[in-house]
Every structure is written in C-alpha cells, then in structure tokens.
1. Would you mind checking which residues have amide H under 5 Å from E171's amide H? H placed 1.01 Å from N; only 5 or more apart, or other chain.
2. Obtain the nm distance between the two label points defined at K111 and E70 by a simple spin-label model: each point lies 7 Å from its Cα along the Cα-to-C-beta direction.
3. Run the quick spin-label model on K99 and E130: label points 7 Å from Cα toward the beta carbon, then report their separation in nm to one decimal.
4. Relative to the present Cα-Cα distance, how much length would full extension add between I80 and K160 at 0.36 nm per residue of separation?
5. Any chance you could check the Cα centroid distance between the stretch 100-141 and the stretch 159-179 for me, in angstrom?
6. For the stretch 94-188, what mean projected area does the convex hull of the alpha carbons give, in nm²?
Amino acid sequence: MRTFPAPLTGTAIALFLLTACGGTGGDASPASAPPAPASYSPPGPSPDDSPPMTGMSPDGSPGEATPVPEAPVSVAESGIGRILVDGEGRTLYLFEKDKNGKSSCYDACAKAWPPYLTQGKPKAEEGAKENLLSTTARKDGAEQVVYGDWPLYYYQGDEKAGDTSGHDIEEFGAEWYAVGPNGKKITG
C-alpha cells in the first residue's frame, strides 16, 4: 500500500493523483464514465482498410452480410447431428429454393437469412471437404460461399454459435436446413 507524507493532503493529493493519472488534458475521461456502447458499422472499408473478420454483427447475431476473408467452413457436433459452421461456430444453412448453386434469396429474404460471403477462396477446416467448396456471384457482385450445390446462409434467429433455430423451417417459399459435411441437408 502506498502512503503519503503528512503535508501532502487535500488539494495536494488531488493534484498528485490527477497528474499521476495523465493530467487534465481534454482526452481524459472521468474514471466513473461508463464504457462506450458497442455499435455495428455497415459493411465497407474500415478506417484502416482491413476487411471485417465476420459476417455477423458484433453481438454475435447475424447482421447485414459482410464478406469474410477466405471464409472458413468446418464441421461441428450439434443436437441435430454433424453440421457445417463458419469459423466462429455459427450454423450455416441451405435454401431449397436455390438451384444449380445460385442464390434466389435477396431483399427481405437476405435480411432474415444473410448470405455467407467471402473475399477470396473459401477454406475447408475441421471435417469440411475442400472439393465441395466454391462460390457463386450474387446480383450485387458479392461472392457467396457454396458447399456442394448449396449457397450458404446464416439465420437471423440464431443468437449464438451452436444455435440451429433456422433448421427445418419454411420461409420465403421453401424449406431451410442445416447442411451436413456431405453437402446434403440434415434430415430427422
């Protein structure tokens, strides 16, 4: 414990502490100030021009789709079986309305089911098959990750890694399913 000499009291202690903690410059914030709230920035170049590292919003839920460098795809155990997940363990889904590796999910659909986008070639990790990975160009030119014949999506209803609340539901005119390591929908 630090002790101060007797003459160093009151205003002198306050001045000492203020000086020791960085002075009175305009950049200092009071020690009791709450931390700034986290905020989500829309996709686009960041101030340092580094690409965003996830296709999800900072709270871990799906947000507006943002490309991920070399989008990783791996396999994880879940309550519905072995499924494809992104690099952070979030479930990836297929949309049965998609045909021949092309997405049919845009506008309101893409807000509810954000596409898994990549910058560069997607990367197979932990149980995923490299030969099943490819990409497809979306209408806006973004590259969406494809596994087998299925463009991959997140579900806005999943709150965290491991959630599968988008599995086996019908929205936007067709069924949505989690994807197995073989590139087929999970059934049962």
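Values in this text are rule-based calculations from the coordinates and carry no lab data. Just so you know, these numbers come straight off a predicted model, no measurement behind them. Virtual Cβ from ideal backbone geometry, glycine too; neighbours counted across all protein chains shown.
1. HN-HN under 5 Å from E171: W176.
2. 3.5 nm
3. Output for this residue pair reads 3.3 nm.
4. Full extension from I80 to K160 adds 27.2 nm.
5. 15 Å
6. 6.1 nm²
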